[in-house]
1. Give me the pairs: first residue in region 221-235 and over 15 Å from residue 11 (Cβ atoms), second residue outside any loop (DSSP other than H, G, I, E, B) and more than 7 Å from the ligand (Cβ to nearest atom), beta-carbon distance under 7 Å, and six or more apart or on different chains, which are they?
2. Condition first: closer than 16 Å to residue 141 by Cα, surrounded by 13 or more Cβ atoms within 10 Å (Cβ to Cβ) and not assigned by TED's automatic domain parsing to the domain that holds residue 168. Can you find one or more residues in region 91-108 that meet it?
3. Exactly one condition in (1) at pLDDT 95 or above; (2) within 18 Å of residue 169 (Cβ to Cβ); (3) buried (at least 17 other Cβ atoms within 10 Å of the Cβ); (4) touching a helix residue (DSSP H, G or I) at 6+ places or on another chain (Cβ under 6 Å) is false for residue 116; which is it?
4. Can you tell me which residue in region 204-230 is farthest from residue 1 (Cα to Cα), limited to those that are more than 8 Å from the ligand (Cβ to nearest atom) and part of a loop (DSSP other than H, G, I, E, B)?
5. Please determine, by comparing only the residues of region 185-203 that are outside any helix (DSSP H, G or I) and without any contact (Cβ under 8 Å) to a residue 40 or more places away in the chain, which one is farthest from the ligand (Cβ to nearest atom).
6. Every residue in region 17-59 that is more than 20 Å from the chain's Cα centre (by Cα) and under 27 Å from residue 95 (Cβ atoms), please.
7. Got a number for residues in region 1-16 being surrounded by 14 or more Cβ atoms within 10 Å (Cβ to Cβ), over 17 Å from the mean Cα position of the chain (by Cα) and either within 16 Å of the ligand (Cβ to nearest atom) or at pLDDT 95 or above (or both)?
8. Look at residue 178 and say whether it is near the ligand (Cβ under 8 Å from one of its atoms) and either touching a residue at least 60 places away in the same chain (Cβ under 8 Å) or surrounded by 13 or more Cβ atoms within 10 Å (Cβ to Cβ) (or both).
Ligand code: SF4
């Protein structure tokens, strides 16, 4: 079993949702928020991986990365596209004053956990002047987490474990970069939960392999399949 963060997260939300998506192949259609987020991620990846770090090259990266799907009409798309331009202009300004070195962009890791493989892709790894590593996750929504929420962020802890086991990098800091609102929130990384996380990953992979997809209806009100899922309690 190969377990990514997306698969792990979705199984935690509801095992039946996992089945709908990864066994039956159901897809969640893009909406303005998800399309906007995907475009920004693609633009940042292209720009940070490329040679030049000028504002012009960042704008070109956005042109190349922009997805037109997911918007109700051209007017709405233009509004989101203008917002993306403003967001990346601000991002470029902040980037110019950053003192860290970028040690990796969309950095993939794979590590073996018993019979399973755990894999993921870290948005960005920075290394400060003191040599300490910082894992950065880009968020494109309008919310800004607290420091405590960043410290407890499951995705970042999944990445931190992956960086350690798969890349030999021990991170000191976890950061959520809320690019859409121009705020970064960081927290020191506490590795004390690593064994428990590894056990949970192993249990999730075992359950998926065994075909255990018992619905968890607690997630129904927030589920994209709530309208037509046979087990939904939130139609
Ligand atoms: S609607 Fe409820 S039971 Fe169905 S997949 Fe979503 S969370 Fe699971």
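The values are calculated or read from the model by the stated rules, or taken from the named source; none is laboratory data. All figures in this text were calculated on a predicted structure; none of them were measured in a lab. Here the Cβ is made from the backbone with ideal geometry for all residues, glycine too, and neighbour counts use every protein chain on show.
1. 234/221
2. Our first condition is that a residue be closer than 16 Å to residue 141 by Cα; within region 91-108, this holds for 91.
From what is left, the residues that are surrounded by 13 or more Cβ atoms within 10 Å (Cβ to Cβ) are 91.
Applying the additional criterion that residues be not assigned by TED's automatic domain parsing to the domain that holds residue 168 yields 91.
Looking through region 91-108, at least one residue is closer than 16 Å to residue 141 by Cα, surrounded by 13 or more Cβ atoms within 10 Å (Cβ to Cβ) and not assigned by TED's automatic domain parsing to the domain that holds residue 168.
3. For residue 116, the failing item is (2).
4. Ranking the candidates gives 227 first.
5. We begin by selecting, within region 185-203, every residue outside any helix (DSSP H, G or I); these are 185-190.
Restricting the remaining residues to those that are without any contact (Cβ under 8 Å) to a residue 40 or more places away in the chain gives 188, 190.
Numbers: 188: 34, 190: 31 Å.
Restricting to residues being outside any helix (DSSP H, G or I) and without any contact (Cβ under 8 Å) to a residue 40 or more places away in the chain, the top hit is 188.
6. Within region 17-59, 50, 51, 52, 53, 54, 55, 56, 57, 58, 59 meet the criteria.
7. Of the residues in region 1-16, 3 are surrounded by 14 or more Cβ atoms within 10 Å (Cβ to Cβ), over 17 Å from the mean Cα position of the chain (by Cα) and either within 16 Å of the ligand (Cβ to nearest atom) or at pLDDT 95 or above (or both).
8. Values: near the ligand (Cβ under 8 Å from one of its atoms): no; either touching a residue at least 60 places away in the same chain (Cβ under 8 Å) or surrounded by 13 or more Cβ atoms within 10 Å (Cβ to Cβ) (or both): yes.
Spelling it out, it is not the case that residue 178 is near the ligand (Cβ under 8 Å from one of its atoms) and either touching a residue at least 60 places away in the same chain (Cβ under 8 Å) or surrounded by 13 or more Cβ atoms within 10 Å (Cβ to Cβ) (or both).
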